[in-house]
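Structure first, commentary second.
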Amino acid sequence: MTTTTAPERAAAQAYLRLLQSTRAVLDDPRLAPRAAELLVRPMAEVDEALRAAGLEGNEDRLLRLVSSLRTLPTVPADPDGPPPPRD
């Protein structure tokens, strides 16, 4: 089992935020034409996080980290209710 470092986790989380931001911008017809302008900051955040984690050019490792984050169990909002749906 490989241990995930804090910088690696931060890079994977930054990547997930970029994906969410990209979806939000492209799904909104008013924002989509400004996508490049609106996504500059999230892309810069990912670039910096990848550099800090030593993951530049290591997409395989990054995507494995992202996958591990997305498969972590979630806690339901209501402890007596059903768990939230998984993506």
Would you check which residues across segment 1-29 are closer than 22 Å to residue 63 by Cα and part of a loop (DSSP other than H, G, I, E, B) and list them? 1, 2, 3, 4, 5
Residue identified as of a type in the set (Ser, Thr, Tyr) and free of Cβ contacts under 8 Å to residues at least 12 places away in the same chain among 22, 3: 3
Restricting to segment 30-47, give me the number of residues that are without any contact (Cβ under 8 Å) to a residue 24 or more places away in the chain and either in a helix (DSSP H, G or I) or under 15 Å from residue 14 (Cα atoms) (or both). 12
Going through segment 7-45 in order, the residues found to be closer than 16 Å to residue 70 by Cα and exposed (fewer than 12 other Cβ atoms within 10 Å of the Cβ) are 20
Criterion: modelled with pLDDT of 55 or more, assigned to a loop (DSSP other than H, G, I, E, B) and open to solvent by less than 60 Å² (accessible area, probe 1.4 Å) - qualifying residue of 72, 65, 55, 50: 55
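The values are calculated or read from the model by the stated rules, or taken from the named source; none is laboratory data. Everything quoted here is computed from the prediction, not taken from an experiment. Cβ coordinates were reconstructed from backbone atoms using ideal geometry, including for glycine residues, and neighbour counts include every protein chain displayed. Areas reflect the complete protein model, heavy atoms only, side chains present, ligands, DNA and RNA absent. Shrake-Rupley method; radii C 1.70, N 1.55, O 1.52, S 1.80 Å.
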